[in-house]
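*Asks:* Would you mind keeping the following structure in view while I ask a few things?
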Amino acid sequence: MDTVPAATPPQPVTVTVTGAGGQIGYSLLFRIASGQLLGRDVPVRLRLLEIPAGRRAAEGTALELQDGAFPLLHGIDVTEDATAAFDGVDIALLVGARPRGPGMERADLLEANGAIFGPQGAAINAGAADDVRVLVVGNPANTNALIASAAAPDVPPERFTAMTRLDHNRAVAQLAAHLHVPVRSVDGVIVWGNHSASQYPDLSHATVDGRPATELVDERWLADEYIPRVAKRGAEIIEVRGSSSAASAASAAIDHVHDWVNGTGDRWTSAGVVSDGSYGVPEGLISSFPVRSAPSGAGDGAWQIVQGLTIDAFSRERIDRSVAELVEEREAVRALGLIPA
Ligand SMILES: NC(=O)C1=CN([C@@H]2O[C@H](COP(=O)(O)OP(=O)(O)OC[C@H]3O[C@@H](n4cnc5c(N)ncnc54)[C@H](O)[C@@H]3O)[C@@H](O)[C@H]2O)C=CC1
Ligand SMILES: O=C([O-])CC(=O)C(=O)O
């Protein structure tokens, strides 16, 4: 009797989450374990990186992950050692960061985060899989990603990304709510620039059920309500909830990596990626752009910046303002010696 060879089961993908004991980690890890990050047939192995202050919380979360009996979860390690955490890593989610403390100046914040993201970038450089994909969530996300990338000279800069998907999702949801349509009706929104209040949520290429969004909203609402509402949504959440966005941030991280690995199809999304000079954004900055991704195996694994969009004067001014802030942050971390001169 002929025997049918058994199909080789897919190898577990190693996903490292830093700041795993924090509030985003608590929401993110269960969604990864359930298959929402990579796909419902892709097993994962989790590595949780923490500092001593967060270690017990991460260990507690690991116990709960075990209690979830997730069929796709092939193991969890908790560590304080970045080298061990990133050894062989396929997907790195850099969530843990130093928040701004009382009396801390902007330069102090950048320096404190440099001490986190520099060594983590170096550990990724030393041990990660060749096709590693890195998403920086911890703020200031764009510049932290720049620091990590600079510390990883052997990893192509396209592999380091910063999260602006939460801003993109907010921009889609606010437009849908204003027009009383489902979010699925909205397409073509873009978030440009920095993940900060200077970001520019751009509706000039957006459509709603195929109609240009600019025909459906008035200019004053756009400039005076929509743009500031989206750009300052993080502060609004802190004010209302009493702490910063957590589940929505975790959800956006899932969306970012899911789309990066599985492809965006015809639609585009927004992500902080290294600039190639497109749209006048200085080369090397990690800035939010409209991006598409090909499914794993079909492209080179990099996000592609959508080309050829027209930028009107209103948009140009706002993109330039946010990019100027990114340039300032880059100069500040350069002055601190956190990236090469
Ligand atoms: N890009 C985005 O859209 C968003 C970014 N964020 C940022 O995400 C970060 C995390 O937010 P939460 O989870 O709410 O903060 P949290 O304070 O609840 O958790 C952060 C965790 O990171 C850990 N940590 C600190 N330094 C670390 C290091 N060197 N290595 C490993 N772990 C380290 C801490 O011990 C803590 O457990 C913050 O920087 C926040 O501002 C939050 C929301 C949206
Ligand atoms: O300010 C924060 O920590 C939270 C944040 O980035 C956001 O909600 O967009």
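The values are calculated or read from the model by the stated rules, or taken from the named source; none is laboratory data. What you see is a predicted model; the values in this text were computed from it and never measured. Note that we place each Cβ from the backbone using ideal geometry, even for glycine, and neighbour counts take in every protein chain shown. Only protein heavy atoms, including side chains, enter the accessible area calculation; ligands, DNA and RNA are left aside. Shrake-Rupley method; radii C 1.70, N 1.55, O 1.52, S 1.80 Å.
*Asks:* crowded, with 21+ Cβ neighbours inside 10 Å and either outside any helix (DSSP H, G or I) or more than 15 Å from the chain's Cα centre (by Cα) (or both): is that true of Val230 in this structure?
*Replies:* yes
*Asks:* State all residues of region 25-44 that are buried (at least 19 other Cβ atoms within 10 Å of the Cβ) and either of a type in the set (Phe, Trp, Tyr) or touching a Ser or Thr at 6+ places or on another chain (Cβ under 8 Å) (or both); if no residue qualifies, say none.
*Replies:* If the condition is that a residue be buried (at least 19 other Cβ atoms within 10 Å of the Cβ) and either of a type in the set (Phe, Trp, Tyr) or touching a Ser or Thr at 6+ places or on another chain (Cβ under 8 Å) (or both), then Gly25, Leu29, Val44 are the ones that fit.
*Asks:* Right, another one. Within the set of pairs 6+ apart or on separate chains, which have a first residue in region 293-304 that is over 10 Å from Trp260 (Cα atoms), a second that is at pLDDT 80 or above and aromatic (Phe, Trp, Tyr), and C-beta atoms under 7 Å apart?
*Replies:* From region 293-304, no pairs qualify.
*Asks:* Another question, if that's okay. Considering only region 97-130, state which residues are of a type in the set (D, E, K, R) and either surrounded by 17 or more Cβ atoms within 10 Å (Cβ to Cβ) or within 16 Å of ligand 2 (Cβ to nearest atom) (or both).
*Replies:* Arg98, Arg100, Arg106, Glu111
*Asks:* Residues of region 154-172 being out of contact with any Phe, Trp or Tyr (no Cβ under 9 Å at 6 or more places or on another chain), of a type in the set (A, V, I, L, M) and buried (at least 24 other Cβ atoms within 10 Å of the Cβ), which ones?
*Replies:* If the condition is that a residue be out of contact with any Phe, Trp or Tyr (no Cβ under 9 Å at 6 or more places or on another chain), of a type in the set (A, V, I, L, M) and buried (at least 24 other Cβ atoms within 10 Å of the Cβ), then Ala162, Met163, Leu166 are the ones that fit.
*Asks:* So, one more: Pick out the one residue from Val327, Val281, Val261, Val257 that is touching a Phe, Trp or Tyr at 6+ places or on another chain (Cβ under 9 Å) and of a type outside the set (Lys, Arg).
*Replies:* Selected residue: Val281, the only one of Val327, Val281, Val261, Val257 that is touching a Phe, Trp or Tyr at 6+ places or on another chain (Cβ under 9 Å) and of a type outside the set (Lys, Arg).
*Asks:* Which residues, taken from region 173-216, are open to solvent by less than 40 Å² (accessible area, probe 1.4 Å) and assigned to a loop (DSSP other than H, G, I, E, B)?
*Replies:* The answer is Val181, Gly188, Val189, Asn194, Ser196, Ser198, Gln199, Leu203, Ala206.
*Asks:* Now for a different question. Only one residue in Gly280, Gly263 is among the small types (Gly, Ala, Ser), surrounded by fewer than 18 Cβ atoms within 10 Å (Cβ to Cβ) and more than 19 Å from the chain's Cα centre (by Cα). Which one?
*Replies:* The conditions single out Gly280.
*Asks:* Which residues, counting only those in region 131-172, are within 16 Å of ligand 2 (Cβ to nearest atom) and part of a loop (DSSP other than H, G, I, E, B)?
*Replies:* Matches in region 131-172: Val137, Gly138, Asn139, Pro140, Met163, Thr164.
*Asks:* While we're looking at this one, here's another question. Any idea which of Pro157, Pro153, Pro228, Pro182 is touching a residue at least 40 places away in the same chain (Cβ under 8 Å) and more than 14 Å from ligand 1 (Cβ to nearest atom)?
*Replies:* Pro157
*Asks:* Consider only pairs whose beta carbons are under 6 Å apart and that are at least six residues apart or on different chains; among these, list those whose first residue lies in region 241-262 and is under 26 Å from Ala302 (Cα atoms) and part of a helix (DSSP H, G or I) and whose second residue is within 11 Å of ligand 1 (Cβ to nearest atom) and among the charged types (D, E, K, R).
*Replies:* Partner pairs satisfying both residue conditions: Ala252/Arg165; Asp255/Arg165; His256/Arg165.
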